[in-house]
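Have a look at the structure below before the remarks.
The values are calculated or read from the model by the stated rules, or taken from the named source; none is laboratory data. Keep in mind it's a predicted model, so treat the numbers as computed, not measured. Here the Cβ positions follow ideal geometry from the backbone for every residue, glycine too, while neighbour counts run over all protein chains shown. Surface areas here come from the heavy atoms of the whole protein model, side chains and all, with no ligands, DNA or RNA. Shrake-Rupley method; radii C 1.70, N 1.55, O 1.52, S 1.80 Å.
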Amino acid sequence: MWPSRDINIQSLPHPLTKLVAITCLALSVWLISPPTARAQAPSDSDDAYDLSISPPVTYLQVEPGKTVTHALTIENKGQQTLMVSPKIIDFQASDSGAGLDLQAENSFPYLASQTKAVLQETFALNPGQKYRLNLVLSPPLEAQEKEYHLTVLFAAAPVDYPRLEAGPRISGAIGSNLIVFVSPQQTNKGRLKLKEVKAPPLIDSLSALTFQVLAENVGSQATTASGSAHVLNWQKKTVAEFKFFPDMVLANSLRSLRPSLPATGSANPAFEPSGESTFRYKPLFLIGPYTIEVTFQSATTQEPLVFRVLALPFSLMLIVVLAPVLYFLAMYITKLTLASK
Amino acid sequence: MTSHTAPKTSQKIILIPLLLVIFFGVAMITKINHKYQAASLTTVSVTSSNPRPSFRGALAAGNAALSTQVIINTTANAYPSTSSAQLVQGDTLLIGEGGSLGSYPLASTSSLSTFSITSALAAGDADTGDDVIATSSANLTVRFTTANAIANGRFRVLVPALASDTASADGIPDGGFFDFATTAPTVTCPTPATTTYDFVTGTATASAITVGATDYHVFECAYSGTGAITTDFDDAPNGPIIIANLINPAPKASHTTGTADTYGVIIQHLNSSFNTIDNTTVNIGVIEAVKVTASVPPQITFQILGIASGATACGATTGVTTTPASVPFGEISISAFSNAAQSMNVSTNAVGGFAVTAIENDQLGRDGAACAGDPTISSNTSCIADARGNNGTMANGTSDEWTNTTNKGFAYSLQDPNTTTTEAFAYNESARTFSSRQFADSEAGDSPVSIFSSTGPSDNHNIFVCYRIIAGTTTAAGNYENYITYNATATF
């Protein structure tokens, strides 16, 4: 006889009963719960589309009357053969300047005939195989000075596209951006201009001074953001300096500039690293007028531009105003409570 | 008899002192020989902190001032160093004529005869035959065990040197010999300060001794004290002898790259009269570092992977297994959602990051037929239109919660499972359960819409794209399909 078999769950002490029940319930839930995607994600990684292209971005200058060959290499890193179709399309820089919107058409008129022929062809790319595409650009002597924003897109699909009962078919495409400047002159014709400084005119003394700098390239060629933003206090003393990250600003495009990290003066704990396109200055306490001075250092411009922000201790003033009110309110409630008793 | 006895007695008188003298003489000699029995120091080792040889070559013809490309003479044995393979990034080169050498940090090596420097060659530093020098300094650590107890002696380390006193200590590497440098190497002697060994500050003298036909730099550690047998000079408490900042030799004549040049270093134990009692020679090797090279091209890599049925993505359980090329929903219900998902990964070293956009060629049409415009279930029963969400506000740029099965159609959501990337929206944004959007519709004239992106170099940024579909009760039976294209491009 096995005495333990005679012990049923009701005979256990009450807390232990609950513990056993909860444990069993948790185990059951864990056992029947579906696996998470993270744990079970790809159904078969060997079956993945896996494409690589090099270089991802290229800036080219071509003189009219001359021919330039630009090589792109695409590699099939997956385990299945893909049919690849190359094409060249325009792109437009997005409003923030960092992203791009692919267009349906190609406005670049100076592709050599052999390149046009290659772009008509679909080719098979076996697993591990690389394909080198030579783009021959040959603007004629009379070509006008202009910057073209192009994407060379390689659309890929498996050789044996599955026949579906229902549902979407998926294809992947990978692109290389090509910024071509057709010009007879070698000098950089980019010209940055401050479009806007986005900052609140009034801020609280306990908050951070944050702002964004929107630059516009009014020149005819892409150029690198170069320069800095200084924050000056009421004594005209620089309390923060942010160098611009050398992002490219395409011709006739806008771009939200980013601070280089870490900000100059980061040894001072009052400075905090800024993220993305927001410049941030956060000392313990801000007070009085602050001036944001933006300077671009391009080949053709050097124009300090200013924007003013006033910092006042609104939150402290609010506390000063509210504290007596709250005090008298509390006293009044206490008095009423005592009176009712 | 007496006449015979007397001579014998006198012989004894002479013989006994003689024997005593011989006895004490032998005893003294024996004692002396026991104290200074010539032997070798034991457990001797000399280790170099940097076994790389120094570089001493010369410019070939074809160099020019203001150039950052440098061509060296590669004629075998014309100079100690005739291959740029001996150089590594970070080396500082001295180039020019003796007495006016310019300093040029090495940028990279491109061939055995050519390397790049980070600043252009100055005028006068680009002449054929000008010196090209990169010193490789090392600390030599000498460890040993004494064989004899020598009172008030000294330890001496001899390192091969050029015969010329001037050239052996000019700071310019010597082919096949150590250079003393213009500032004497420091000699750190063992540290005990006891009655056995109490060392004074070490000394260094350039090319001071000739042993056989070879000159040697001399480094000495003298001590007072009795000395002792089998004292270890390696680690605490005694410590080794350390010779700091000696310039390694440039390769010997007929040096073979990858094969060590060996040099005999002599360690001696001298008595107070500067006589060498113990003497041991050990070889140290000088050999090029193994140069590992790799180039990383600018690139962007894009992966699409299927996700198995039964997985959880975007808070929903997938009902079908997808492949990179298809989302095979199969038979779909008119009363319950069908869910599927794919995983996408992007890696790039482009400084501007990347963006992945999505667009469908059209809405899901029966047997691939067109779904012109933006149809509804009632207006076109042969289309599974893009869904409009619980609140009817869903579009390709506007998310809406979609949990109500009375709202029919097809849409997608996003999940960043590893918090690696910046997605356009998330399935659980605004406390929603399945926030979703329509795909941009090429047939309707839409442009591709960004679904995830990054503003800098990205290492395996990963996202789940979750598809959801439900048919209307009036949807005609048949096979519905469309094409969705994901474009991955670098940004700038």
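Each residue in the range A:313-341 was checked for being under 23 Å from residue A:207 (Cβ atoms) and of a type in the set (Ser, Thr, Tyr), and 1 pass. Among the residues of the range B:293-309, is any more than 13 Å from chain A (Cβ to nearest Cβ) and open to solvent by 10 Å² or more (accessible area, probe 1.4 Å)? Yes - at least one qualifying residue is present in the range B:293-309. When the range B:111-142 is filtered for residues that are over 22 Å from residue B:55 (Cβ atoms) and surrounded by fewer than 19 Cβ atoms within 10 Å (Cβ to Cβ), the ones remaining, listed by number, are B:123, B:141.
Confirm whether residue B:326 is facing chain A (nearest Cβ under 10 Å) and closer than 22 Å to residue B:483 by Cβ. Step through it out loud before you land on a result.
Working: facing chain A (nearest Cβ under 10 Å): yes; closer than 22 Å to residue B:483 by Cβ: yes.
Here the answer is yes, as residue B:326 does meet what is asked.
All conditions in (1) more than 30 Å from residue B:321 (Cβ to Cβ); (2) more than 14 Å from every other protein chain (Cβ to nearest Cβ); (3) modelled with pLDDT of 90 or more hold for residue A:22, with the sole exception of (3). When B:66, B:94, B:87, B:59 are checked against the criterion of being open to solvent by 40 Å² or more (accessible area, probe 1.4 Å), at pLDDT 65 or above and within 30 Å of the chain's Cα centre (by Cα), a single residue qualifies: B:94. Restricting attention to the range B:231-256, the residues that are in contact with a Ser or Thr (Cβ under 6 Å, 6 or more places away or on another chain) and open to solvent by 30 Å² or more (accessible area, probe 1.4 Å) total 3. In the set B:227, B:212, B:175, only one residue is at positive phi and touching a residue at least 60 places away in the same chain (Cβ under 8 Å); that residue is B:227.
Going through the range B:144-168 one residue at a time, which ones are under 30 Å from residue B:60 (Cβ atoms) and part of a strand (DSSP E or B)?
Residues of the range B:144-168 that are under 30 Å from residue B:60 (Cβ atoms), as a first pass: B:160-164, B:166-168.
Matches in the range B:144-168: B:160, B:161.
The one condition from (1) open to solvent by less than 40 Å² (accessible area, probe 1.4 Å); (2) within 30 Å of residue B:79 (Cα to Cα); (3) not in a loop (DSSP other than H, G, I, E, B) that residue B:171 does not meet is (3).
Restricting attention to the range A:59-115, which residues are of a type in the set (Asp, Glu) and not in a strand (DSSP E or B)?
Step one: of the range A:59-115, the residues of a type in the set (Asp, Glu) are A:63, A:75, A:90, A:95, A:101, A:105.
Passing the criteria: A:63, A:95, A:105.
Report whether or not residue B:405 is surrounded by fewer than 22 Cβ atoms within 10 Å (Cβ to Cβ), more than 30 Å from residue B:348 (Cβ to Cβ), of a type in the set (Val, Ile, Thr) and touching a strand residue (DSSP E or B) at 6+ places or on another chain (Cβ under 9 Å). Yes: the conditions hold for residue B:405. Does the range B:415-426 include one or more residues that are closer than 23 Å to residue B:363 by Cβ and crowded, with 23+ Cβ neighbours inside 10 Å? The answer is no, given that none of the residues of the range B:415-426 is closer than 23 Å to residue B:363 by Cβ and crowded, with 23+ Cβ neighbours inside 10 Å.
The residues in the range B:310-339 that are open to solvent by 20 Å² or more (accessible area, probe 1.4 Å) and closer than 18 Å to residue B:358 by Cα can be counted, and the count is 1.
Just to be sure I understand, how many residues within the range B:90-143 are within 30 Å of residue B:265 (Cβ to Cβ) and assigned to a loop (DSSP other than H, G, I, E, B)? Of the residues in that region, 5 qualify. Residues in the range B:433-448 that are on the phi < 0 side of the Ramachandran plot and either surrounded by fewer than 20 Cβ atoms within 10 Å (Cβ to Cβ) or of a type in the set (Ser, Thr, Tyr) (or both): B:433, B:435, B:436, B:442, B:443, B:444, B:446, B:447. Kindly check whether there is at least one residue in the range B:378-392 that is assigned by TED's automatic domain parsing to the domain that holds residue B:482, in contact (Cβ under 8 Å) with a residue 12 or more places away in the chain, open to solvent by 10 Å² or more (accessible area, probe 1.4 Å) and within 51 Å of the chain's Cα centre (by Cα). No, there is no match, as no residue in the range B:378-392 is assigned by TED's automatic domain parsing to the domain that holds residue B:482, in contact (Cβ under 8 Å) with a residue 12 or more places away in the chain, open to solvent by 10 Å² or more (accessible area, probe 1.4 Å) and within 51 Å of the chain's Cα centre (by Cα). Residue B:396 satisfies every condition listed in (1) in contact with a strand residue (DSSP E or B) (Cβ under 7 Å, 6 or more places away or on another chain); (2) within 27 Å of residue B:310 (Cβ to Cβ); (3) crowded, with 16+ Cβ neighbours inside 10 Å except (2).
Scanning the range B:321-336 for residues that are touching a Pro at 6+ places or on another chain (Cβ under 6 Å) and modelled with pLDDT of 90 or more yields a single hit, B:327. So which of A:93, A:155, A:124 is within 14 Å of chain B (Cβ to nearest Cβ), closer than 24 Å to residue B:490 by Cα and modelled with pLDDT of 90 or more? Exactly one residue qualifies, and that residue is A:155. Examine the range B:336-348 for a residue that is of a type outside the set (Gly, Ala, Ser), over 30 Å from residue B:220 (Cα atoms) and at the interface with chain A (Cβ under 8 Å from one of its Cβ atoms), and state whether such a residue exists. Checked the range B:336-348: at least one residue is of a type outside the set (Gly, Ala, Ser), over 30 Å from residue B:220 (Cα atoms) and at the interface with chain A (Cβ under 8 Å from one of its Cβ atoms).
Looking at the range B:375-492, the strands (runs of 3 or more DSSP E) lying wholly inside it that each contain 1 or more residues that are within 11 Å of chain A (Cβ to nearest Cβ), under 30 Å from residue A:92 (Cα atoms) and aliphatic (A, V, I, L, M) sit at B:449-454, B:458-470, B:483-490. Within the range A:177-211, being within 14 Å of chain B (Cβ to nearest Cβ) and at pLDDT 90 or above holds for A:177, A:178, A:179, A:180, A:181.
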